[in-house]
Amino acid sequence: MTDEFSSVWSYRLKWLYLLLLVATLMVPVFYNLYISFNKFGFGAYNYEFTLQWYSVVFQDQLLLSAFGWTMLLALCTVMTAVPLGLVAAKFFKTTRFKVWFVALLLLPLFVPADIVAASLLVFFKNLSFSLSWLADMTGLSWLGGWFDLGFMTALIGLIIYTIPYIFIVILITMGRYHPQQTEAARSCGATAWQAFRDVEFPQIRAGIFSAAAFTIILTFNEYTRTSMLKGGFDTFTSVLISQMLNTGMSEQSYAMGGIVSLVAILTIGGIIAFTMLRVQSLERTQRLKVNADMSG
Amino acid sequence: MIRTNKTQVGGGRTILASPTFFGRLFGDNGLQKYLFYLPAIFMVVFFLIPTLLTIVWSFFERTLFWMEPGFTFFSYINFFTSARFDNFLSSMFHSGISVIICFILGFPIAVFVRRHVPQVAQHRVILLFILPFMVSEIIRTFMLRPVLGRNGLVNTFLQKLGIISEPITSILFTPLGVIIGEVMSFLPFIVFAGFLAMEAVPKYIFEVCQDLGASRWRVFVDIIVPLAAPGIFAGGVFIFVNGLGVALIPNILGGPGAVNAGLIATQAISALDFPLAMAVSAIMMITLLGLLFVGHRLFNLTRILEPIA
């Protein structure tokens, strides 16, 4: 008996440790939110709840335009990187060169942001120089300007950043899909695209949507690659980091940090809540089915 | 055999089965075949080639605003014979400590979740660690300043409890601050990698060990760690390399001299010394690939991918 009693307590303690660790990792984020809602800002003795600093952010034209650029980048990354990641996951299932392919796709996870960004920056500059030289030589003016630092180069940097995550998330959901279903659909006369759209996609939809949500969050958070490759425009995080490092933090900066955190927390919270509800409803229908079978 | 243009399948949905123009273009032997090569081509062109070219560019000669083709070891000499190399070595040391702390704090969680949490709930518990990981690193790192600072959260809290009378000022802007920042940033990774790796340790092994009377420590050292080694190693390499490469953490939390490879590279770019930045990048890539190669020879890293392959 004593053994069982102690193991119950050690089980509870382990849970407590796990939750405490997550909470500790979140302390800076919650502290930021706490400060951002204080009328008197950071370090003040008094505390009064306000949304004033958030409204200041949304009245600032510079920040609104930075916000717009960030959203546009996030949308374009989702539109390009998610299909690429999906195609990559499908390719992985059939290719013979699995190890090399996985290494190529997952290596960007391991290479630190500043190193990737630096090498891409020099790569794009070289490419841009070579293309404009080629355009001058051949007179084909459309050749030049493709890889001048700007939206496109930032987008390429973000695709490389997000593709490993998308690839893994989609691959994990695909693990539960039986490829025989595609074969069955094909032998019934469906084209590859139809078999994918009508049979496979509905089953891996959850994975694709979570991958898209992750992509939006990752793009929203990203700083290093975007700020090196973006050229002229500003994103939300690049404004924030320049305030942190150069002009100093104002109440408004904490509110910006709060917005960045809330976007992530609400999206992830939404996904967790959605999957939990879905699992519950699946279990319920399963139970009803079993009951019906037994009574029938 | 006559093929009709439209075929009824399953629940009555009409699908096209004949080789129309659209079908030929996107059919099995059309563009579709090449579509699947697109991710690989993209990654080779925009990731593999640029990172490999860093080695070539690192031998170029520096000009006033850019660089020109040449073959000089100047950037490497500049790196290895200046304070940069000492900083690089000490950032390696700090990164190593971060890896050990992350392992001690994070890996037991992966073991606990795999062993004691019901199978259906395991992924949801791990999802908890996605939350801090998904909040921007900028916020998590920068906000450690007010948390750990002189009038910050930790000091106020400890003072109110009466544990300390004077605020502790030796955390921020010291190597300790950098290590705390790295652990706070990268801890979820060892949990994820460990969780994947623990797939290789079947649950019955714990029961067998218990029946045979093996101590917990013995089970951990002789059974769990060897079986989960590929995942632990991958997580460790990730933390180590990012500790060396993420410029933000020493930039915000480190004091003078807290400079890692990422910061050297970004500072070199700001100073328009592109060959030096490329040399640092090349050194980082070689370090990373060397570590992965050694790990692969020792533990066969492809084993981690078995659950998803």
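A quick yes/no check of all residues on (1) at the interface with chain A (Cβ under 8 Å from one of its Cβ atoms); (2) among the charged types (D, E, K, R):
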position: B:ILE126; (1), (2): no, no
position: B:LEU131; (1), (2): yes, no
position: B:SER136; (1), (2): yes, no
position: B:LYS160; (1), (2): no, yes
Name the residues in the stretch A:168-184 that are surrounded by fewer than 21 Cβ atoms within 10 Å (Cβ to Cβ), under 25 Å from A:ALA103 (Cα atoms) and either of a type in the set (Val, Ile, Thr) or in contact with a helix residue (DSSP H, G or I) (Cβ under 8 Å, 6 or more places away or on another chain) (or both), would you? A:ILE172, A:THR173, A:MET174, A:ARG176, A:TYR177, A:PRO179
For the subset of the stretch A:204-259 comprising residues that are among the charged types (D, E, K, R) and either more than 17 Å from A:MET71 (Cα to Cα) or surrounded by fewer than 20 Cβ atoms within 10 Å (Cβ to Cβ) (or both), which member is nearest to the chain's Cα centre (by Cα)? A:ARG205
Reported set for the stretch A:232-249 where residues are touching a helix residue (DSSP H, G or I) at 6+ places or on another chain (Cβ under 7 Å), outside any helix (DSSP H, G or I) and not acidic (Asp, Glu) is A:PHE233, A:THR235, A:MET249
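A quick yes/no check of all residues on (1) more than 21 Å from A:PHE58 (Cα to Cα); (2) within 11 Å of chain B (Cβ to nearest Cβ); (3) at pLDDT 85 or above; (4) in contact with a helix residue (DSSP H, G or I) (Cβ under 6 Å, 6 or more places away or on another chain):
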| site | (1), (2), (3), (4) |
| --- | --- |
| A:ARG186 | yes, yes, yes, yes |
| A:ALA195 | yes, yes, yes, yes |
| A:PRO202 | yes, no, yes, no |
| A:ALA255 | no, no, yes, yes |
| A:PHE274 | yes, no, no, no |
Log entry, pairs with first residue in the stretch A:210-223 being within 11 Å of another protein chain (Cβ to nearest Cβ), second being outside any helix (DSSP H, G or I) and among the hydroxyl-bearing types (Ser, Thr, Tyr), beta carbons closer than 7 Å, six or more apart or on different chains, reads A:ASN221/B:SER136
Residues of the stretch B:267-284 being within 7 Å of chain A (Cβ to nearest Cβ) and touching a residue at least 60 places away in the same chain (Cβ under 8 Å), which ones? B:PHE274, B:MET278, B:SER281
Mind checking whether some residue in the stretch B:161-172 is touching a residue at least 40 places away in the same chain (Cβ under 8 Å) and either touching a Gly at 6+ places or on another chain (Cβ under 8 Å) or crowded, with 24+ Cβ neighbours inside 10 Å (or both)? yes
Would you confirm whether any residue within the stretch A:14-29 is in contact (Cβ under 8 Å) with a residue 24 or more places away in the chain, within 22 Å of B:LEU153 (Cα to Cα) and within 11 Å of chain B (Cβ to nearest Cβ)? yes
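Out of A:LEU105, A:LEU73, A:LEU86, which single residue is buried (at least 20 other Cβ atoms within 10 Å of the Cβ), at the interface with chain B (Cβ under 7 Å from one of its Cβ atoms) and either touching a strand residue (DSSP E or B) at 6+ places or on another chain (Cβ under 8 Å) or closer than 28 Å to B:LEU288 by Cβ (or both)?
Numbers: A:LEU73 fails: at the interface with chain B (Cβ under 7 Å from one of its Cβ atoms); A:LEU86 fails: at the interface with chain B (Cβ under 7 Å from one of its Cβ atoms).
The match here is A:LEU105.
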For the stretch A:47-98, how many residues meet the condition of being more than 22 Å from the chain's Cα centre (by Cα), polar (S, T, N, Q) and within 26 Å of A:ILE208 (Cβ to Cβ)? 2
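The values are calculated or read from the model by the stated rules, or taken from the named source; none is laboratory data. As the structure is a prediction and not an experimental result, all values here were calculated from the model. With ideal geometry, Cβ positions are generated from the backbone for all residues, glycine too; neighbour counts draw on all protein chains shown.
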